[in-house]
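*Asks:* After the structure tokens below, expect a handful of questions from me.
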Amino acid sequence: MARPTGKQNYGRVVLVSCLALLAAGLVADFLWASSHRFSSVGMSLPSSVIGQLPPNSNGKDTEKKKDKLRERKLSATFQDLAAPELKWEKMAAAPVPRLDGAAIQIRNFLYVFAGYGTIDIVHSHVDIYNFVDNTWGGRFDMPKEMAHSHLGMVTDGRYIYIVTGQYGPQCRGPTAKTFVLDTDTNSWSDFVPLPVPRYAPATQLWRGRLHVMGGSRENRHTPGLEHWSIAVKDGKAMEKEWRSEIPIPRGGPHRACVVVDDRLFVIGGQEGDFMAKPGSPIFKCSRRMEVVFSDVYMLDEEMKWKVMPSMPKPDSHIEFAWKVVNNSIVIVGGTTEKHPETKKMVLVGEIFQFNLNKMKWYVIGKLPYRVKTTLVGYWEGQLYFTSGQRDKGPDDPAPRKVMADMWRTKLILNP
Ligand SMILES: *[C@@H]1O[C@H](CO)[C@@H](O)[C@H](O)[C@H]1NC(C)=O
């Protein structure tokens, strides 16, 4: 079992554990099971959400009817933001659908790794999209011991570092094993394992070091706050061991972690996640209440976390859903706070821009559907996204189908 690292973290860990216990009875079939209804748990919602809750029914029939109507409206549009309509072009679909996959762009190639095909099947290969001729190809296998989802991943432009992650389908345990892919030769090598395994930690290369922080601990739910780094060069470790660094202000998986202009940003994410059902031989996923956040933190040469302007709404499942274009971080889709009544997961259908010249967030467009764990690329003025899990439809933001589609649109940024 994971232990809290210090007194500071203890309160949060206890709180999260209590919430986990409260939610322990609320079992669902994870990805597909959006038909389940959850009873309310005693959880505090952000005030922006409380403001949108319908008032309690006073028992009168007409009032009840009105509430029902309100509820339906809330459920249809909950958390969608006003956003410009964009013209989307459908490109060649990926060879397989992918949820919780990973992606790295190098020049005109988008390397797409791993992921769930269904909750019971995980991929163990790489597909490559070529932005020049808009085709998929070049499939090759991953090492057998590499994790299949919730990976930390980053590139220096040639070598891709692949850190820890979940090994196997459903809600199986994580591995600390870490690998390097040389994209010039498509050959793999082993790398120094992380001190302990993590799910979906924030991962970046910064100042000659590979940084890994946050993520979920070994039980998949408890947020980790630890932050490690190791010196790297040309796909090799320059040190024998990972070194401890300043812990991340909030732990948990599924954030965007981006380095721009010698500053490291950690954006969005969540605390808590689905866990394996105790005693389940297949590690069946069961729902645990997560808290999604809009927080943005930045590390600069002072090596102290600084709080940056928050995202336009809480957003998680965005670790490979971003690109840096013209000194802006662009983020595509994700998940936001769960529905206040149904407790179902709510997907995000917008594109966000964090303009680093102005240190300001913008909502810059609507996606063809709400979708989480998108894999994003950018080529010659066009923003591309593929994979992920989309919503049930325009009126229902809960997750349903795992996608292979690839889309693009002309990227229009606020200067
Ligand atoms: C990025 O900046 C260049 C140079 O100012 C400009 O031509 C281009 O349109 C910009 N791209 C986007 C997506 O805004």
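*Asks:* Among (1) surrounded by fewer than 22 Cβ atoms within 10 Å (Cβ to Cβ); (2) within 16 Å of the ligand (Cβ to nearest atom); (3) closer than 16 Å to residue 335 by Cα, where does residue 364 come up short?
*Replies:* Result: residue 364 passes all but (3).
*Asks:* So, one more: For residue 362, which of the numbered conditions (1) more than 16 Å from the chain's Cα centre (by Cα); (2) more than 17 Å from residue 267 (Cβ to Cβ) fails to hold?
*Replies:* Single failed check for residue 362: (2).
*Asks:* In addition: Got a sec? Which of 290, 341 is among the acidic types (Asp, Glu) and crowded, with 21+ Cβ neighbours inside 10 Å?
*Replies:* Exactly one residue qualifies, and that residue is 290.
*Asks:* In this structure, does residue 248 turn out to be free of Cβ contacts under 8 Å to residues at least 40 places away in the same chain, within 18 Å of residue 201 (Cα to Cα) and not aromatic (Phe, Trp, Tyr)?
*Replies:* So residue 248 fails the test.
*Asks:* Could you tell me whether segment 340-352 includes any residue that is within 16 Å of the ligand (Cβ to nearest atom), at pLDDT 95 or above and assigned to a strand (DSSP E or B)? Even if it seems obvious, please write down each step before you answer.
*Replies:* The initial filter retains those residues of segment 340-352 that are within 16 Å of the ligand (Cβ to nearest atom), namely 351-352.
From the residues that got through so far, the ones that are at pLDDT 95 or above too are 351-352.
With the extra rule that they be assigned to a strand (DSSP E or B), the set shrinks to 351-352.
Checking segment 340-352: at least one residue is within 16 Å of the ligand (Cβ to nearest atom), at pLDDT 95 or above and assigned to a strand (DSSP E or B).
*Asks:* How many residues does segment 248-272 hold that are among the charged types (D, E, K, R) and within 11 Å of the chain's Cα centre (by Cα)?
*Replies:* Residues meeting the conditions: 1.
*Asks:* Something else now. Can residue 310 be described as farther than 26 Å from residue 123 by Cβ, modelled with pLDDT of 95 or more and small (Gly, Ala, Ser)? Before the answer, list the steps.
*Replies:* Working: farther than 26 Å from residue 123 by Cβ: yes; modelled with pLDDT of 95 or more: yes; small (Gly, Ala, Ser): yes.
Here the answer is yes, as residue 310 does meet what is asked.
*Asks:* Then there's this: Could you please tell me which pairs satisfy a Cβ distance under 9 Å, a separation of 6+ or placement on different chains, a first residue in segment 228-241 that is surrounded by fewer than 17 Cβ atoms within 10 Å (Cβ to Cβ), and a second residue that is modelled with pLDDT of 95 or more and among the polar types (S, T, N, Q)?
*Replies:* 236/189
*Asks:* Separate question: Filter segment 382-415 for residues that are part of a loop (DSSP other than H, G, I, E, B) and within 21 Å of residue 95 (Cα to Cα); which is farthest from the ligand (Cβ to nearest atom)? Don't jump to the end; show me each part of the working.
*Replies:* Of all residues in segment 382-415, those part of a loop (DSSP other than H, G, I, E, B) come to 387-388, 394-395, 403-405, 411-415.
Cutting the leftovers down to within 21 Å of residue 95 (Cα to Cα) gives us 387-388, 403-405.
Values: 387: 22, 388: 22, 403: 25, 404: 26, 405: 22 Å.
Checking each candidate, the answer is 404.
The values are calculated or read from the model by the stated rules, or taken from the named source; none is laboratory data. Worth saying up front: this structure is predicted, and the values here are computed from it rather than measured. Every residue, glycine among them, receives a Cβ derived from its backbone with ideal geometry; neighbour counts consider all protein chains shown.
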